[in-house]
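Student: Structure incoming, see below.
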Amino acid sequence: MSKITLLEAVTQALSWELEHDDSILVFGEDVGANGGVFRATDGLQKRFGANRVFDTPLAEAMIAGLCVGLSAQGMKPVGEIQFSGFMYPAVDQLVSHASRMRNRTRGRLSCPMVLRAPYGGGIHAPELHSESMEALYAHVPGLRVVIPSSPQRAYGLLLAAMRDPDPVVFLEPKRIYRITKQEVPDNGQALPLDTCFVLREGTDVTLASWGAMINETLKAATQLAAQGIECEVIDLATVKPLDLETLVESVERTARLVIIAEEPRSCGVGAEIAAAVAEKALYSLVAPIERVSGYDVIMPLSKLENNYLPSVNRIQKAVLRTLEAER
């Protein structure tokens with residue numbers, strides 16, 4: 001079995017579901033003939049036809065609205081927004097309609113749609129191309145927010161998202177689209193949503209992260225292990241709803257927590273994790289919860305991105321602070 005990238009895993013998942021479920025439609029800006037700006041849909045229109053994989057105008061609100069309307073009529077639309085920073089015109093459809101469909105109809109209708117978007121920094125793109133605003137969507141009742149961190153999880157989680165009866169915002173960290181490869185069996189097997197993945201077991205401190213920052217988190221854990229510090233690394237994968245049970249169980253064992261996120265610091269998913277763990281496992285903690293995150297500024301351009309994104313060094317310093325602290 002050949003190894004594939006996260007980007008290729010997305011394509012593979014879309015292809016599987018298009019082949020096995022006639023209600024799946026894939027559409028967005030340039031996703032048809034050109035295969036998408038990052039080529040995530042490359043070859044799908046040729047294989048499945050322009051009636052199922054097609055281009056739309058440059059109108060994000062329309063893409064999201066089309067998803068809502070099609071889902072209400074029994075289809076399972078997968079809309080692509082070229083960059084997550086372009087998604088804001090679609091927020092009205094997500095907040096006012098997609099997320100409320102089940103409640104509004106008292107369960108008579110649901111909204112089985114996926115809105116995909118490349119997201120995050122690290123490729124030196126201009127403003128509105130490097131957003132990490134997952135907390136914005138996580139705050140909306142009725143929406144799931146899923147962020148894969150590896151080819152295997154991208155494949156399994158996207159399949160699960162397309163099969164979910166409710167709307168899913170699926171954010172794909174473009175910085176790691178092509179950075180690693182894994183063997184990903186094309187067997188249609190989905191991974192569970194709303195579940196954290198323990199990527200590395202440890203006893204000294206819990207490191208919780210998601211998306212592209214999993215790479216830096218794992219590197220930091222490996223280097224700290226050489227110093228005799230064993231970190232447990234948890235990939236949230238679904239940032240809404242949070243799998244608090246897995247997080248709390250880990251913190252109760254390690255007694256320390258460091259949260260690593262690319263998002264701005266204030267009012268983010270990391271802040272929600274810190275609050276929830278404090279509510280449920282405060283007496284297990286022997287040190288303050290640490291957060292390593294972006295800053296409350298727009299993602300800077302070019303090489304300044306490196307100063308914004310959490311680094312292995314910043315993660316290690318946060319871990320050492322938790323180990324040095326005393327209750």
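The numbers here are math on the coordinates, done by the rules we state, and not lab data. On a predicted model such as this, the values are computed, not experimentally measured, just so you know. Don't worry about glycine lacking a Cβ; one is built from the backbone with ideal geometry, like all the others, and counts go over all protein chains shown.
Student: Would you look at the GNM of the chain, springs on alpha carbons closer than 10 Å, and say which of Leu257, Leu157, Leu304 moves the most?
Tutor: Of the options given, Leu304 has the highest mean-square fluctuation.
Student: Can you tell me how much longer the chain between Asn51 and Ser266 gets when fully stretched, taken as 0.36 nm per residue apart minus their C-alpha distance, in nm with one decimal? Don't skip to the end; give the middle numbers.
Tutor: Values: separation 215, 0.36 × 215 = 77.40 nm, distance 4.31 nm.
The span from Asn51 to Ser266 would gain 73.1 nm if fully extended.
Student: Cut-off 10 angstrom, C-alpha nodes, Gaussian network model of the chain. Which of Gly142, Gly49, Gly79 fluctuates the most?
Tutor: Residue with maximal mean-square fluctuation among Gly142, Gly49, Gly79: Gly49.
Student: Can you find, among Asn307, Ile259, Ala278, the residue sitting farthest towards the positive end of the charge dipole of the stretch 197-324, where Lys and Arg contribute +1 and Asp and Glu -1 at Cβ?
Tutor: Asn307
Student: Here is a further query. Could you grab the Rg to Rh ratio for the stretch 197-324? Cα atoms only, Kirkwood for Rh. Before the final figure, lay out each step's value.
Tutor: On the way: Rg = 13.7 Å, Rh = 14.4 Å.
Expressed as Rg/Rh, it is 0.95.
Student: Let me ask something else about it. Looking at the square roots a ≥ b ≥ c of the eigenvalues of the Cα gyration tensor of the stretch 123-276, which shape do they give, rounded for a/c under 1.5, prolate if a/b is larger than b/c, or oblate?
Tutor: rounded
Student: Another question, then. Show the residues, 5+ positions off or on another chain, whose built amide H is closer than 5 Å to the amide H of Arg200.
Tutor: Val233
Student: Please compute the contact order of the stretch 197-324 in relative form: average sequence separation of alpha-carbon pairs under 8 Å and at least six residues apart, divided by the residue count, as a percent.
Tutor: Relative contact order comes out at 28 percent.
Student: Which residues among the stretch 271-286 fall inside the zone where the amide N is under 13 Å from a point 7 Å beyond the Cα of Leu323, along Cα→Cβ?
Tutor: What the label zone holds, given the 13 Å backbone N cut-off, is no residue at all.
Student: In whole Å, how far is the Cα centre of the stretch 272-290 from that of the stretch 128-163?
Tutor: Comparing the Cα centres of the stretch 272-290 and the stretch 128-163, I get a distance of 25 Å.
Student: Now for a different question. Using only DSSP helix segments of four residues or longer, with each worth -39500 (n - 2.57), what per-residue ellipticity at 222 nm results for the chain after dividing by its residue count and rounding to 500? Walk me through the intermediate numbers first.
Tutor: Values: 12 runs with 115 residues, N = 327.
Computed ellipticity for the chain at 222 nm equals -10000 deg cm²/dmol.
Student: First check a/c for the stretch 127-185, with a ≥ b ≥ c the square roots of the eigenvalues of its C-alpha gyration tensor; if it is under 1.5, answer rounded, and if not, answer prolate when a/b is larger than b/c or oblate otherwise. Mind showing how you got there, number by number?
Tutor: Details: a/c = 3.24, a/b = 1.19, b/c = 2.71.
Oblate shape, in that a/c is at least 1.5 and b/c is the bigger or equal ratio.
Student: Output the antiparallel fraction of DSSP beta bridges having both residues in the stretch 197-324, as a percent to the nearest 5.
Tutor: Of those bridges, close to 20 percent are antiparallel.
Student: While we're on this one: Relative contact order for the stretch 200-258: what is it in percent, counting Cα pairs under 8 Å that are at least 6 residues apart?
Tutor: Relative contact order for the stretch 200-258 comes out at 51 percent.
Student: Please list the helices of the chain that count as membrane-span-like by this rule: a mean Kyte-Doolittle hydropathy of at least 0.0 together with Cα atoms stretching 30 Å or more along the helix axis, each helix being a complete DSSP H run.
Tutor: Correct list, ordered by number: empty.
Student: Related question: Top mean-square fluctuation among Arg47, Arg153, Arg265, Gaussian network model of the chain, C-alpha springs under 10 Å?
Tutor: Top of the fluctuation ranking is Arg47.
Student: Under a 5 Å amide H to amide H cut-off, with H placed in plane at 1.01 Å, what residues pair with Lys240 once short-range neighbours are removed?
Tutor: For Lys240, the qualifying residues are Val145.
Student: Treat every Asp and Glu Cβ in the chain as -1 and every Lys and Arg Cβ as +1, leave all other atoms uncharged, and give the resulting dipole magnitude about the Cα centre to the nearest 20 debye. Could you put the intermediate results ahead of the total?
Tutor: Values: 32 positive and 40 negative charges, 38 e Å.
That gives a dipole near 180 debye.
Student: Can you give the charge dipole size of the stretch 3-183 about its Cα centre, rounded to the nearest 20 debye, using +1 on the beta carbon of Lys and Arg and -1 on the beta carbon of Asp and Glu?
Tutor: It works out to roughly 440 debye.
Student: While we're looking at this one, here's another question. Of His20, His129, how do they rank once you tally other Cβ atoms within 10 Å and put the fewest first?
Tutor: Fewest-to-most ranking of His20, His129: His20, His129.
Student: With +1 on each Lys and Arg Cβ and -1 on each Asp and Glu Cβ, and nothing else charged, work out how big the dipole of the stretch 197-324 is about its Cα centre, in Debye to the nearest 20.
Tutor: 380 debye
Student: Report, by chain and number, residues whose modeled amide H sits under 5 Å from the one on Arg291, excluding near sequence neighbours (fewer than 5 apart, same chain).
Tutor: Amide H neighbours of Arg291, under 5 Å, 5+ apart: Ile259.
Student: If you rank Met101, Met1 by fewest surrounding Cβ atoms within 10 Å, what's the result?
Tutor: So the residues, fewest neighbours to most, are Met1, Met101.
Student: Using a 10 Å cut-off around each Cβ, can you sort Val53, Val248 from fewest to most neighbouring Cβ atoms?
Tutor: Working: Val53 26, Val248 18.
Neighbour counts put them in this order, fewest first: Val248, Val53.
Student: Pull up the DSSP beta bridges for the chain and report the antiparallel fraction as a percent, rounded to 5.
Tutor: 20 percent
Student: Compute the relative contact order of the chain as a whole-number percentage, counting only Cα pairs closer than 8 Å that sit 6 or more residues apart in sequence.
Tutor: Over the chain, the number comes to 16 percent.
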